[in-house]
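**Q** The structure's right below; bear with me while I get my questions together.
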Amino acid sequence: MVVEGPLAGGHLGFKKEQINDPDYALEKILPDVVSVIEPYQERFNKSIPVIAAGGIYTGADIHKFMELGAEGVQMGTRFVTTYECDASIEFKEAYLRCKKEDIIIIDSPVGLPGRAILNKFLERVSSGVKMPFKCPWKCLRTCDFKNVPYCIGRALTNAKKGDIENGFAFAGANAYRADKIISVKALIETLVEEYAKESICIRA
């Protein structure tokens, strides 16, 4: 079971007013889920791993959530700026260029708040510009595709392929911390080292 907190990138399973409310922070909601899952594991003699997600960026973060009962973590944003990520270089550069204040909450056409990196596309949408399109997927019933200002699916696909002018990048709250493109191997080594340092600090 993945428990995703409000610092995640992309569409969020929270109301706007909950995103910055401490009562909905991942460190607050994760232990509650773990405690609810435990009786089911005992009753059915089955392991139900609880995975923490949303805003986890360092090995120290991983350690913190493992201590709170998670059996693992899910990380997306941290892996975007790796060589192995299949997003375009333009998409990755959006992460490398952004500042903390560029990471904003948007109203997605599918009716959910989402976290993204502000760019010219989103500025045009915010100013009231409607991007004409024909709905290619009808992917979610909550999307009123005849009236929304743009197609979220097309905008995200464009960005992934490198057409940032006609799309934008979803990103977690920590995306601004990325400063270079590295290999997954180097990233994992960094996370392991950070985790080990945190473990030593806690024991000390």
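**Q** So how compact is the range 89-177: Cα radius of gyration and Dmax in angstrom?
**A** For the range 89-177, the Cα radius of gyration and maximum Cα-Cα distance read 12.7, 37 Å.
**Q** If you don't mind, there's one more thing I want to ask. Take the residue pairs Lys120/Lys160; Lys64/Lys197; Lys92/Lys180; Lys100/Lys197 and return only those whose Cα atoms are more than 20 Å apart.
**A** Lys100/Lys197
**Q** Let me ask you something else. Roughly how many whole Å is it from the C-alpha centroid of the range 96-134 to that of the range 172-204?
**A** After rounding, the separation between the Cα centres reads 29 Å.
**Q** Report the full-extension gain for the segment Ile181 to Val33: residue separation times 0.36 nm, less the Cα-Cα distance, to one decimal in nm.
**A** 49.8 nm
**Q** A further question on this structure: Could you give the length gained by full extension between Lys134 and Met1, i.e. 0.36 nm per residue of separation minus their alpha carbon distance, to one decimal place?
**A** 44.3 nm
**Q** Take the Cα of Lys16, step 7 Å along the line toward its Cβ, and report every residue of the range 78-121 whose backbone nitrogen sits under 16 Å from that point.
**A** Only 104-116 pass the distance filter.
**Q** With a/c under 1.5 counting as rounded, go ahead and sort the range 1-118 into rounded, prolate or oblate using the C-alpha gyration tensor (a ≥ b ≥ c being the square roots of the eigenvalues; past the cut-off, prolate if a/b is larger than b/c, else oblate).
**A** It is prolate, given that a/c is not under 1.5 and a/b is the larger ratio.
**Q** Could you compute the FRET efficiency for Glu71 and Arg124, with r as their C-beta to C-beta distance and R0 at 41 Å, rounded to 0.05?
**A** 0.40
**Q** Using the Kyte-Doolittle scale, find the helices of the chain whose mean hydropathy is at least 0.0 and whose Cα atoms extend 20 Å or more along the helix's long axis, counting only whole DSSP H runs.
**A** Those that pass (Cα extent of 20 Å or more, hydropathy at least 0.0) are 26-44, 184-203.
Bear in mind that the values in this text are calculations on the coordinates, not laboratory data. Owing to the predicted nature of the structure, the values given are computational and were not obtained by experimental measurement. So basically every Cβ, Gly included, is an ideal-geometry build from the backbone, and we count neighbours across all protein chains shown.
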